[in-house]
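Asks: The structure that follows is given in the form of C-alpha cells.
The values are calculated or read from the model by the stated rules, or taken from the named source; none is laboratory data. Being a predicted model, the structure only gives us computed values, none of them experimental. When we count neighbours, we look across all protein chains shown, and the Cβ atoms used for this are built from the backbone with ideal geometry, even at glycine. Side chains are part of the model used for accessible areas, which takes the heavy atoms of the whole protein and leaves out ligands, DNA and RNA. Shrake-Rupley method; radii C 1.70, N 1.55, O 1.52, S 1.80 Å.
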Amino acid sequence: MSPNQVIVLATPVFLVLIAIEFWVGRRRGRNTYALADTLGSIGLGMLSRIADVFTLALRLGIYVWVQDHAALWQGDTFWTSPAGWLLALVFYDFLYYWNHRLGHEVGVLWAAHVVHHQSQHYNLSTALRQPASYALLGWVFYLPMALAGVPPLVFAVVGLVDLLYQFWIHTEQVGSLGRFDRWFASPSNHRVHHAVNDRYVDKNYGGILMLWDHLFGSFEPEDPQEPCVYGTRKPLQSWDPVWANAEVYAGLARDSARAGRWGDRLRTWLRPPGWRAPDVAARWPAPAFDLGAVQRFAPPASRGAQVLAALVFVLLLGGVAFFLWTADARALPGNLVWAAALLAGLWTQGALLQGRIGPGLALMLLSAAVATLTAAEGWTMLHRVFKPLTMLIAIGLALRADGRGKGWLLAALAGSLAGDAFLMFEGFFIAGLASFLLANLAYIIRLRSDAPWFADRRALAAVGAVGLGMYALLWNGGPWSGGLPPGLRAPVAAYVLAIALMVSQALGRARVHADPAAWRVAAGALCFMLSDTLLATDRFLVPLPARDLLVLATYYAAQGLMVAGLLSAAPRQGA
C-alpha cells in the first residue's frame with residue numbers, strides 16, 4: 001500500500017475529528033472554524049497530495065539509491081527490530097526539527113513551508129494545510145538516514161508516523177497538558193509555533209519531541225496572558241491555492257531581480273524571510289509589522305456561493321481520493337489530466353468564496369474540467385454531456401448580461417457550441433472548422449464594437465507572422481507528415497486568417513482599454529490560437545502526448561477568459 005493510499009484511508013478519520021472539534025467549539029462558545037478558511041486549508045492539503053504523486057517516486061528513488069550505494073552501515077536486521085524502529089523514529093524527528101527550523105530561517109525554504117502557516121485560524125484543518133512544493137528541497141534533510149543504512153520501508157513508515165502525530169496538536173480546544181508539554185509536541189507548544197507574536201515567532205519546531213527545542217534554544221512555553229495571533233506577518237489575503245503556493249516565491253524572484261548586486265540577488269533566496277537587499281528596501285520599503293493591526297481575511301460570500309463551494313468541496317474530496325488510490329496504476333499523461341482537472345476545481349472553489357467569480361462562471365469552469373477529464377479517460381458518453389454543457393452554461397451567462405455586443409458574443413458562443421458538437425464525431429471536421437470560423441468572425445465583430453480596428457499594428461504584424469509560419473509548416477508537413485490534404489488547404493487558410501485577426505483585434509483592444517477585463521480577453525484570444533495550434537499539430541503533423549489535456553485545457557481557458565472579460569466589461573446579472 002502506497003503512502004498516498006494510507007492518507008486516503010486516514011482522511012475519513014481526519015474529517016470526523018474535525019467535525020468533533022467543530023462541535024466541541026460550538027458547545028463551548030469558542031468556535032475556531034470559518035467555512036472559506038477550512039475549505040481552503042483542506043484544499044491545499046489535497047493539492048499537496050496531488051503534487052506528491054509526481055514527486056514521491058523521485059524522492060524515494062534518490063533515498064534508495066543513496067542507501068544502496070553510499071550507506072556507511074548495512075544493518076537491516078537492527079533497523080527492523082523494536083529498538084531500531086524506535087531509534088529510526090527519533091532519528092527522523094531530529095532531522096525533521098532541522099528541516100522545519102531551516103524552513104523558517106532560509107527564504108527559499110520558507111517559500112514552501114509558508115503555506116502551512118498562512119491560515120489565520122488554528123484548528124485541525126490547519127494540520128492538513130500543506131505545501132505542494134515541499135518536495136523540491138525537503139528530501140535533502142533526510143539523506144543522513146539513508147547514509148546510516150535505514151531501510152526505505154522503515155524510513156517511509158516512521159516519516160508517516162511523525163506526520164500523523166502532528167495532526168492532533170493543531171487545536172485550541174486542548175489546553176496545557178502540564179509536564180507533557182515540556183517534552184513532547186502538544187497543542188499548547190504548537191500554538192506558539194503558529195503565532196506571529198514577537199515572543200512566539202520562530203519557536204517550538206519539534207515534530208514529536210520538544211527535546212530538540214530545549215537543546216538548541218528554540219523552546220517557548222505558551223503564556224495564557226498573551227494569546228496567540230495566527231497567520232503570517234505578511235498575510236496571504238487570498239483563497240487561491242495556486243497563489244498560496246507561489247506567493248513567497250514570486251516575492252523572492254521580484255526582490256532578487258530588483259537587487260543591483262549579484263551577491264544580493266543570491267542572498268535574497270538564502271537569507272531569513274523578510275530580508276531584502278539594502279537598495280531594494282530603500283526603493284520599495286515594506287511597512288513594519290504591527291500585531292495590533294492584524295485583521296482576519298474574510299471577504300463576504302453569498303449563501304449561494306457558499307453552498308456551491310461546499311458541494312464542489314465534497315466532489316473534490318471524492319475525486320482526489322479516487323485519484324490518489326489509483327494513481328500508481330495510471331500512466332503519467334493520465335495523472336496529469338486528473339491533476340489539472342482537480343486543480344481547476346480547487347481554484348474555482350477558492351475564487352468562488354473570494355468573490356472573484358460568480359456561481360455561473362464557476363459552473364462553466366467545473367464543467368470544462370470534467371469535459372477535459374472525460375475526454376482523456378475515454379468516457380465518451382459523459383464527455384458528450386459535459387462538452388456541450390460547458391458552452392450552454394456560457395450562453396446562459398451571456399443571455400443574462402447587458403451591454404454592447406451581446407448578440408455577437410452569443411453568436412460566437414453558439415458557433416463554438418456547434419463546433420464542439422461536430423468535432424465529437426468522426427467525419428465532421430470540415431463542419432466543425434466552419435463553425436469555429438464563424439465563431440471567430442463573431443468574436444472579431446464583438447471586439448470591434450468598442451475599439452478601433454487593429455489598434456496595435458505591431459501585434460497585428462507579429463500575430464500575422466506566427467499564423468503564416470504555422471500555415472507554412474502545416475502545408476509542408478516537414479519530416480513528420482505529408483502536410484495538409486489538398487481539400488483542406490483553403491479552409492484551413494481561411495481559419496488561420498480569422499484566428500490571427502481575432503487575436504490581433506483583441507490585443508489592440510486591450511491596448512486601448514488598458515484594463516484587466518480587456519487583457520483577460522486578449523489572453524483568452526491567445527489561448528485560442530495556442531489551442532488551435534496544438535490541435536493542428538496533433539492532427540496534421542505529429543501526435544502529441546496528453547493531447548486532450550493540452551488542446552482542451554487551452555481551449556477552455558480561452559473560452560473562460562473571453563466570457564469573463566467580455567461580461568465584466570458590461571453590467572452583469574448574476575454572472
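Asks: Per-residue HN-Hα couplings for the stretch 458-469, Karplus 6.51 cos²θ - 1.76 cosθ + 1.60 at θ = phi - 60°, whole Hz, x for Gly and Pro?
Replies: Values per residue, Gly and Pro as x: 5, 5, 4, 5, 5, 5, x, 5, 5, x, 5, x Hz.
Asks: List the relative contact order of the stretch 455-502 as a percent without decimals, with contacts defined as Cα pairs under 8 Å and 6+ residues apart.
Replies: About 44 percent, as a whole number.
Asks: Under 13 Å from a point placed 7 Å out from the Cα of residue 445 along the Cα-to-Cβ direction: which residues of the stretch 417-438 have their backbone N that close?
Replies: Only 438 fall inside the zone, counting backbone N under 13 Å.
Asks: Same structure, new question: What list of ³J(HN,Hα) values in whole Hz, one per residue of the stretch 59-71 in order, does the Karplus curve 6.51 cos²θ - 1.76 cosθ + 1.60 (θ = phi - 60°) give from phi, with Gly and Pro shown as x?
Replies: After applying 6.51 cos²θ - 1.76 cosθ + 1.60, I find 5, 5, x, 5, 4, 4, 5, 5, 5, 6, 10, 10, 4 Hz.
Asks: Residue 402 accessible area, nearest 10 Å², 1.4 Å probe?
Replies: About 80 Å², rounded to the nearest 10.
Asks: I'd like the FRET efficiency for residue 261 and residue 480, computed as 1/(1 + (r/R0)^6) with the beta carbon distance as r and R0 of 45 Å, rounded to 0.05. Before the final figure, lay out the partial values.
Replies: Values: r = 48 Å, r/R0 = 1.06.
Efficiency for this residue pair is about 0.40.
Asks: Residues of the stretch 208-254: accessible area per residue at 1.4 Å, in Å²?
Replies: Per-residue value: 48 Å².
Asks: Just flag the chymotrypsin sites (Phe, Trp or Tyr not before Pro) in the stretch 392-427 sitting in loop per DSSP whose Cβ has no more than 16 other Cβ atoms within 10 Å.
Replies: Sites meeting the loop and neighbour criteria: 425.
Asks: Of 502, 470, which has the most accessible area and how do the rest follow, probe 1.4 Å? Present the calculation step by step, with values, prior to reporting the outcome.
Replies: Values: 502 0, 470 35 Å².
Output order, biggest surface exposure first: 470, 502.
Asks: Could you tell me how many degrees, from 0 to 90 and to the nearest 10, lie between the Cα long axis of helix 332-354 and the main elongation axis, the longest principal axis, of the Cα atoms of the chain?
Replies: Compared with the principal axis, the helix lies near 80 degrees.
Asks: Further question: In Å², what does the accessible area per residue of the stretch 2-47 work out to with a 1.4 Å probe?
Replies: Dividing the accessible area of the stretch 2-47 by its residue count gives 47 Å².
Asks: Okay, next question. Please list, ordered by chain and number, the residues whose modelled amide H lies under 5 Å from the amide H of residue 184; skip anything fewer than 5 residues away on the same chain.
Replies: It is 210, by chain and number.
Asks: Would you please name the trypsin sites (Lys or Arg not before Pro) within the stretch 320-412 that are DSSP coil residues with at most 14 other C-beta atoms within 10 Å of their C-beta?
Replies: Those satisfying the criteria are 400, 404.
Asks: With a Förster radius of 56 Å, plug the Cβ-Cβ distance of residue 74 and residue 30 into 1/(1 + (r/R0)^6) and report the FRET value to the nearest 0.05. Walk me through the intermediate numbers first.
Replies: Numbers: r = 53 Å, r/R0 = 0.94.
The formula returns an efficiency of 0.60 here.
Asks: Could you work out the relative contact order of the stretch 166-244, using alpha carbon pairs under 8 angstrom and six or more residues apart, expressed as a whole percent? Don't jump to the answer; show the numbers that get you there.
Replies: Numbers: 102 pairs, mean separation 20.3, N = 79.
Computed over the stretch 166-244, the figure is 26 percent.
Asks: Work out from phi, with θ = phi - 60° and the Karplus expression 6.51 cos²θ - 1.76 cosθ + 1.60, the ³J(HN,Hα) of each residue of the stretch 6-23, listed in order in whole Hz, and give x for Gly and Pro.
Replies: 4, 4, 4, 5, 7, 4, x, 5, 4, 5, 5, 5, 4, 4, 5, 4, 4, 4
Asks: Sticking with this one: Hey, which aspartates and glutamates would be in cross-link range of residue 387, C-alpha to C-alpha under 12 Å, not counting anything within fewer than 8 residues on its own chain?
Replies: Answer for residue 387, where 12 Å is the Cα cut-off: 420, listed by chain and number.
Asks: Shifting gears a bit: Could you pull out every one of the aspartates and glutamates with an alpha carbon less than 16 Å from that of residue 234, ignoring same-chain neighbours closer than 8 positions?
Replies: 105, 198, 202, 247, 255, 290
Asks: Another one. Here are a few candidate values for P(r) over Cα pairs in 20 Å bins from 0, in percent: (i) 18, 46, 30, 6, 0; (ii) 20, 55, 23, 1; (iii) 15, 22, 14, 16, 9, 13, 10, 1. Which one was actually calculated from the structure I just gave you?
Replies: (i)
Asks: So how tilted is helix 516-536 from the main axis of the chain? Cα-based, degrees 0 to 90, rounded to 10.
Replies: Result, in degrees: 80.
Asks: To continue, here is another question. Kindly provide the helix-only [θ] at 222 nm of the chain, computed as the sum of -39,500 (n - 2.57) over DSSP H runs of four or more divided by all residues, to the nearest 500 deg cm²/dmol?
Replies: The helix-only estimate for the chain comes to -22500 deg cm²/dmol at 222 nm.
Asks: May I pose another question? Select from the stretch 443-535 those trypsin sites (Lys or Arg not before Pro) which occupy a DSSP coil region and have at most 10 other Cβ atoms within 10 Å, ordered by residue number.
Replies: Loop-located and lightly packed - none at all.
Asks: While we're here: What's the FRET efficiency of residue 160 with residue 182 using the Cβ-Cβ distance as r and R₀ = 25 Å, to the nearest 0.05?
Replies: Details: r = 26 Å, r/R0 = 1.04.
Efficiency computed from Cβ-Cβ geometry: 0.45.
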